[in-house]
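Have a look at the structure below before the remarks.
Please treat every number below as a calculation from the coordinates, not as lab data. Quantities reported herein were computed from a predicted structural model and do not represent experimental measurements. Backbone-built Cβ (ideal geometry, glycine too); neighbour counts: all protein chains shown.
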């Protein structure tokens with residue numbers, strides 16, 4: 001499972017946004033986090049498209065959480081930031097995706113699939129509020 005910088009920046013941004021009462025703009029977030037404004041903007045737009053954030057336009061615009069932090073799972077946030085489901089290995093959730101073409105004959109797949117399900121369940125139960133505490 002690879003959490004890329006997109007997930008890291010998404011989580012750091014969401015923690016800041018969750019602590020503010022007013023919408024927080026991309027400029028403020030990028031300066032506070034010391035990251036590229038354009039890259040962060042893409043991540044935040046992805047989160048808004050997945051109803052994790054609400055985007056406000058205008059001079060006092062920015063982003064706010066679409067739901068309370070305790071209703072936003074880390075799995076949901078990660079999938080939105082990455083643009084796909086996060087797998088421990090390419091084939092861990094789909095045996096047909098076996099990179100070695102072993103497919104149904106792969107003896108590791110049952111183990112990898114069980115591990116993937118446990119990670120998925122853990123990330124689904126873990127919320128933004130949990131990592132803020």
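Which distance in nm do the two modelled labels at residue 114 and residue 67 give, with both placed 7 Å along the Cα-to-Cβ direction?
Label at residue 114, label at residue 67, 3.1 nm between them.
Give me 111, 3 ranked fewest to most by other Cβ atoms within 10 Å of their Cβ, as a rough exposure proxy.
Ranking 111, 3 by Cβ neighbours within 10 Å, fewest first, gives 111, 3.
Most mobile of 108, 117, 72 per a Gaussian network model of the chain (Cα springs, under 10 Å)?
Looking only at 108, 117, 72, the largest GNM fluctuation is found for 108.
With the chain treated as a Gaussian network of Cα nodes joined by springs under 10 Å, which of 73, 13, 60 yields the largest mean-square fluctuation?
Among 73, 13, 60, the largest mean-square fluctuation in the Gaussian network model of the chain belongs to 60.
Tell me, what are the semi-axes, in whole angstrom and largest first, of the equivalent ellipsoid of the stretch 5-132 as set by the roots of 5 times the Cα gyration tensor eigenvalues?
34, 15, 11
With the crude spin-label approximation of a point 7 Å out along Cα→Cβ, what separation in nm comes out for residue 50 versus residue 124?
1.5
For residue 15 and residue 107, what is the calculated FRET efficiency with R₀ set at 41 Å and r taken between the beta-carbons, to the nearest 0.05?
The pair residue 15/residue 107 has a calculated efficiency of 0.50.
Taking 0.36 nm per residue of sequence separation and subtracting the Cα-Cα distance, how much length would be gained by fully extending the chain between residue 3 and residue 132, in nm to one decimal?
Values: separation 129, 0.36 × 129 = 46.44 nm, distance 1.79 nm.
The residue 3-residue 132 span can extend by a further 44.6 nm.
Normalised by the residues of the stretch 1-92, what does the relative contact order come to in percent, with Cα pairs under 8 Å and at least six apart? Please list the in-between numbers first.
Values: 100 pairs, mean separation 34.6, N = 92.
After rounding, I find 38 percent.
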